[in-house]
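Participant: I am attaching a structure below and will ask some questions about it afterwards.
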Amino acid sequence: MHNLTLAEIARNLAEKRFSAEELTRTLLARIEQLDPQLNSFISVTEELAIAQAKAADARRAAGESGALLGAPIGHKDLFCTQGIRTSCGSKILDNFKAPYDATVVERLAAAGTVTLGKLNMDEFAMGSANESSYYGPVKNPWDLSRVPGGSSGGSAAAIAARLLPAATGTDTGGSIRQPAALTNLTGLKPTYGRVSRWGMVAYASSLDQGGPMARTAEDCALLLSAMAGFDAKDSTSVDQPLDDYLAALSQPLAGLRIGLPKEYFGAGLDPKIADAVMASVEELKKLGATVKDISLPNMQHAIPSYYVIAPAEASSNLSRFDGVRFGYRCENPVDLTDLYKRSRAEGFGDEVKRRIMVGTYALSAGYYDAYYLKAQKIRRLIKQDFVAAFEQVDVILGPTTPNLAWKLGEKNADPVSAYLEDIYTITANLAGIPGLSMPAGFIDGLPVGVQLLAPYFQEARLLNVAHQYQQVTDWHMRAPAGF
Amino acid sequence: MALERTEVEKIAHLARLGLSEADLPRTTETLNNILGLIDRMQAVDTTGIEPLAHPLETTQRLRADAVTETNQRDAYQAIAPAVEDGLYLVPRVIE
Amino acid sequence: MQWETVIGLEIHAQLATQSKIFSGSATTFGAEPNTQASLVDLGMPGTLPVLNAEAVRMACKFGLAIDAEIAPKNVFARKNYFYPDLPKGYQTSQMDHPIVGKGHLDITLEDGSTRRIGITRAHLEEDAGKSLHEDFHGMSGIDLNRAGTPLLEIVSEPDIRSAKEAVAYVKAIHALVRYLGICDGNMAEGSLRCDCNVSVRPKGQAEFGTRAEIKNVNSFRFIEKAINHEVQRQIELIEDGGKVIQETRLYDPNKDETRSMRSKEEANDYRYFPCPDLLPVVIEQSFLDEVRASLPELPVQKRERFEREFGLSAYDATVLAASREMADYFEQVNVTCGDAKLAANWVMGELSSLLNKEGLEIEQSPVSAAQLGGMILRIKDDTISGKIAKMVFEAMAAGEGSADEIIEQKGLKQVTDSGAIEAMLDEVLAANAEQVEQYRASDEAKRGKMFGFFVGQAMKASKGKANPGQVNQLLKKKLEG
């Protein structure tokens, strides 16, 4: 049962081969048995899950149907869930029971999904290894001595280990796509504004975007259909109708123009990953795609630009964690400054503090133009690169990550080395375009991900390409040993 | 632009992050490494380029002026560290 | 040395919207603490702002009323600082791209002269909550009901040269925002608050002196006193060889002095940057045209019309146009009675002193405009004299009905029948035979004084109802013999 995809679960539930409650209990037992090895859950919401499963079964008995009715999922622990701890992987929110539901949570619940729990993550989504969580690192099911990627590492590990078929993630600089690549999943970062940010605790507001993670493109399409869409509560939400993501999956790829940016295949890329990526290009060619070499000349400037913009926004977004209205408060503050300084110093972990300080510095008097404005100008150059490239090609293809999953602790000493791992993913966030990572093979038993990028609002195209690829390959069906 | 300890102390104060004497050298070094990475931006020619604050460059939607919220004080204050008589308590604010 | 005062004012006007600037919470004053603080107002993690259309419209109204440029695109920015009444750790405000640009406002001084004061800009922002310093075991209590109330911050040029001008400017802004219906102007409740930037310089010097900012002065009287005190302090300081330092000061009305706010002295670095949760606000020309068409007649226009149409003096016109309610009241009285001068006299005279005495606003007046107009009609058609009218007015104020009802009930109708007046005068003269003798024996100069005595006796005898003109005329005839 635990090997089924969302689409398969939907068919089985429709055919009454098992009930949502049976499925839920099976997965809850599996989480209890296997998650101690992985640490992918921060909270298992057993009571809620059983109640939602029973409700889904009742709705089905009453004649309702729906692709997600009774579908078990998990939420990254920065989506607010009413009455349930929403920790963001941080001590400062360890005691925070959100007083409301995020729009994404509300929409998925309305579609009939069953929430098995809240998934581990890098603290406030800051990290690429899921090692900055207050709740401890998450381990990669493909090799328990390695990281699953981050920041949506809990979502990735739990799906890869078949503890649940799909989950929500968020992607600010690659936090859906990179862990998807490192754990053999399909993960989609939609266009900025496509999925509501209401109730999704902000890291960097102009870059953050929620999206689906699952094993197949089809499951991502199912989840995205329910998650996405206009929300009046989010000023940056886009009021534009959704495409029929499921219908688009079956489009043939004949004539698809794929661009291969030379900057994605230069120094720094593991040559074995390059080979795997090129093999996937060959498969797509067999499906009728044509390939063109392109250039994204400003890609190399993306990392410094991102590491100004994201920390700058974060430094402001995280000011609300002050020990006054919610969350952690230090013991016996002697005065107001002490309350702030100790609550925040004790409540935030090192990486969060680092980024708050970098952002504070970048915005401070005398440095704003040299850092923040400069970064925003480079951001425009990066966007212009994509606009120009998409005049020539339909999608851009390259590796999702320059390296395979690394060893736990390997990059802890030097944050900069971890930042460099985001090189291929952060441009999509800076430009706001959609990006998807899909399984494309293994090297020494570790998964390789291929990233596809498309013009604004062409999520359907990305899912279509990935789905067609998954019809002729089976990388995405492989399970890690022991799970 | 390498940061001095005093600047790091100033930044930590602006961000209201307590920083112990013992942590200062390491924090200063790490921040300088990150700033070293960031400073690579300065080599890019951005003459005549407008800053981009939002990826989609759309405009603000406006909300009708209507009261849609009701009093939820009890629920919201149930998760507060310290409240009394409906007020959030903090160490005395000196004016 | 001769000193010149230079003043620039920042006025924070709370906009009279139903809901807050970025959330659907009510903005009602005086609610129980934190009962009007929603998820957004509390800065709960994951919450997002959505801009209130009415706040934008009100800012545009103000901008058009001061002949300002309205920016086709304005941008919200975050002003970052930590304070317990600031839930998000930043105030959403506007920095580089305010909604209202350069404009101006003409003010009228006591001597009737006018001055044009430049307005640098006006921008939208959210208000903060309140810290209550009552003793909660040595703690402060935070009430966030006010957090998120829309504010329009109106920044003047340093064009103001005296405390009196400052007050006239604030009064003009106060009148304007109330005319426009964008702020209730209630200074006691903090709906309109004023920060005063004050500096002095030797007369004739071009450069400005170092300024001090007096925060949150909340009445017209305190603005005048606080500025006068601060000017005096700065002059004395400089003349004693000292230097003014740029700082924030607080006016203490009890001690009538300003003092330095030490807690705010620490150099702030607000790290402004464009708010990533809000997009640029675009103001279309068609929207502005529509707002312009909806503007009411403004105080200056009204004053000019009162002078032109009704022949009122500049002073009377200014007083009557000072508030929309006062002007509306006056116009309604005038429509009813058809005599603008009498209407102006009664509104500025008896009515104003009644309201002052009772501490009432004109919209709470116990005498309605229709009642007052109706009474003036009776003066005009000689039903009552001006003196009787004061009695009628008092009775109307006491809620005894309309002028006609009161005149009827109390029998106050003027006696104009000359036969009846003559009979009454004969009685009065007979009862004062001695004085009549004296009168007739006196010379012209003395007679003048004595005549008044007989008029008084006659009016007393008629209980004030006899037509004074007729009394005079008939009395003279009878005394002359």
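The values are calculated or read from the model by the stated rules, or taken from the named source; none is laboratory data. Treat the numbers as computed from the prediction; the structure is a model and nothing was measured. Don't worry about glycine lacking a Cβ; one is built from the backbone with ideal geometry, like all the others, and counts go over all protein chains shown. Heavy atoms of the whole protein, side chains included, go into the accessibility calculation; ligands, DNA and RNA do not. Shrake-Rupley method; radii C 1.70, N 1.55, O 1.52, S 1.80 Å.
Participant: How long, wide and thick is the range A:237-296, going by the Cα atoms along their three principal axes, in whole angstroms, largest first?
Facilitator: 41, 32, 19
Participant: Continuing with the same structure: Would you calculate a helix-derived [θ] at 222 nm for chain C, using -39,500 (n - 2.57) for each DSSP H run of n ≥ 4 and dividing by the full residue count, to the nearest 500?
Facilitator: Here the helix-only value at 222 nm equals -12500 deg cm²/dmol.
Participant: With the Cα gyration tensor of chain B giving a ≥ b ≥ c as the square roots of its eigenvalues, does the rule (a/c under 1.5 for rounded; else a/b larger than b/c for prolate; else oblate) give rounded, prolate or oblate?
Facilitator: Cα axes put chain B in the oblate bin.
Participant: If you don't mind, another one. Around C:Ala343, what is the net charge, scoring Lys/Arg as +1 and Asp/Glu as -1 over all other residues with Cβ under 13 Å from its Cβ?
Facilitator: -4
Participant: A further question on this structure: Taking H as built 1.01 Å from N, whose amide H comes closer than 5 Å to the amide H of A:Ile84, not counting residues under 5 places away?
Facilitator: For A:Ile84, the qualifying residues are A:Ala98.
Participant: If eta is 1.567 mPa s and T is 4 °C, what Stokes-Einstein diffusion coefficient results for the range C:391-481, Kirkwood Rh from Cα pairs, in µm²/s?
Facilitator: The estimated diffusion coefficient comes to 90 µm²/s.
Participant: Could you work out the local net charge near C:Met139, counting Lys and Arg as +1, Asp and Glu as -1, over the other residues with Cβ closer than 12 Å to its Cβ?
Facilitator: -4
Participant: Here's another thing I want to ask about it. Taking amide H positions as placed in the peptide plane 1.01 Å from N, state which residues far from A:Gly441 in sequence (5 or more) or on other chains have amide H under 5 Å from it.
Facilitator: Distant-sequence amide H within range of A:Gly441: A:Val448.
Participant: On full extension of the chain, what length is gained from A:Arg257 through A:Asp239, given 0.36 nm per residue of separation minus the C-alpha to C-alpha distance?
Facilitator: The A:Arg257-A:Asp239 span can extend by a further 3.6 nm.
Participant: When the Kirkwood radius is taken over all Cα pairs of chain A, what Stokes-Einstein diffusion coefficient follows at 10 °C and 1.306 mPa s, in µm²/s?
Facilitator: Taking Rh from Cα pairs, D becomes 72 µm²/s.
Participant: Then there is this: At q = 0.08, 0.10 Å⁻¹, work out log10 I(q)/I(0) for the protein assembly as shown with the Debye formula, treating every Cα as an identical point scatterer and leaving solvent out; two decimals please.
Facilitator: So the normalised log intensities work out to -0.87, -1.19.
Participant: Something else about it: With θ set to phi - 60° and the Karplus curve 6.51 cos²θ - 1.76 cosθ + 1.60, what are the ³J(HN,Hα) couplings of the range B:82-87 in order, to the nearest whole Hz, using x for Gly and Pro?
Facilitator: 8, 9, 8, 6, x, 9
Participant: Still on this structure, please answer the following. Taking square-rooted eigenvalues a ≥ b ≥ c of the alpha carbon gyration tensor, is the range A:415-483 rounded, prolate or oblate, where a/c under 1.5 means rounded and, failing that, a/b exceeding b/c means prolate?
Facilitator: oblate
Participant: If we count every other residue with Cβ under 11 angstrom of A:Leu253's Cβ, Lys/Arg +1 and Asp/Glu -1, where does the sum land?
Facilitator: Net charge in that neighbourhood comes out at +2.
Participant: Another question, if that's okay. Which of the residue pairs C:Lys410/C:Lys465; A:Lys97/A:Lys118; A:Lys118/A:Lys139; C:Lys387/C:Lys410 have a Cα-Cα distance greater than 18 Å in the structure shown?
Facilitator: Result: no pair exceeds 18 Å.
Participant: Report the residue, chosen from B:Pro25, B:Pro81, B:Pro51, that carries the largest GNM mean-square fluctuation when chain B is represented by alpha-carbon nodes joined by springs under 10 Å.
Facilitator: Fluctuation is largest for B:Pro81.
Participant: Could you tell me the relative contact order of chain B? Use alpha-carbon pairs under 8 Å, at least six residues apart, and round to a whole percent.
Facilitator: Worked out over chain B, it gives 18 percent.
Participant: Using DSSP to define loop residues, name the trypsin sites (Lys or Arg not before Pro) in the range A:2-79 whose beta-carbon has at most 16 other beta-carbon atoms within 10 Å.
Facilitator: A:Lys16, A:Arg17
Participant: Ordered by residue, what ³J(HN,Hα) values in Hz, to whole numbers, does the range A:447-452 give under the Karplus form 6.51 cos²θ - 1.76 cosθ + 1.60, where θ = phi - 60° and Gly and Pro are x?
Facilitator: Karplus-based 3J(HN,Hα) across the range A:447-452 equals x, 10, x, 10, 9, 10 Hz.
Participant: What FRET efficiency would be calculated for the residue pair C:Ala314, A:Ala370, taking the C-beta separation as r and a Förster radius of 45 Å, to the nearest 0.05?
Facilitator: So, using R0 = 45 Å, E works out to roughly 0.20.
Participant: Another question about this same structure. Whats the longest run of chain C with zero GluC sites (Glu not before Pro) that are DSSP loop and have at most 15 other Cβ atoms within 10 Å?
Facilitator: It runs C:401-481.
Participant: ³J(HN,Hα) across the range C:437-444 via Karplus (A = 6.51, B = -1.76, C = 1.60, θ = phi - 60°), whole Hz, x for Gly/Pro?
Facilitator: 4, 3, 4, 5, 7, 7, 7, 4
Participant: Please check: in the Gaussian network model of chain B (C-alpha springs, under 10 Å), which one of B:Glu84, B:Glu21, B:Glu29 has the largest mean-square fluctuation.
Facilitator: B:Glu84
Participant: Also, I was wondering about something else. Between their Cα atoms, which of A:Lys91/C:Lys130; C:Lys341/C:Lys446; C:Lys20/C:Lys61; A:Lys233/C:Lys20; A:Lys262/A:Lys353 are more than 25 Å away from each other?
Facilitator: A:Lys91/C:Lys130; C:Lys341/C:Lys446; A:Lys262/A:Lys353, as the Cα separations exceed 25 Å there.
Participant: If you don't mind, another one. Non-local amide H neighbours of A:Arg329 (under 5 Å, H modeled in plane, Pro and chain starts lacking H): which ones?
Facilitator: Distant-sequence amide H within range of A:Arg329: zero hits.
Participant: Nearest 500 deg cm²/dmol is fine: what mean residue ellipticity at 222 nm does chain A get from its DSSP H runs of n ≥ 4 alone, each adding -39,500 (n - 2.57), divided by its residue count?
Facilitator: Here the helix-only value at 222 nm equals -11500 deg cm²/dmol.
Participant: Have a look at the range B:59-77 and report residues whose accessible surface goes down by 50 Å² or more when the remaining protein chains are included, against the chain on its own, probe 1.4 Å, ligands and DNA/RNA excluded.
Facilitator: B:Thr59, B:Gln60, B:Arg61, B:Leu62, B:Arg63, B:Asp65, B:Val67, B:Glu69, B:Arg73, B:Tyr76
Participant: Something else: So what is the accessible area of chain C per residue, in Å², with the probe set to 1.4 Å?
Facilitator: Roughly 44 Å² per residue, with all protein chains present.
Participant: Between C:His104 and A:Val387, with labels modelled 7 Å along Cα→Cβ, what's the label distance in nm to one decimal, could you check?
Facilitator: 4.1
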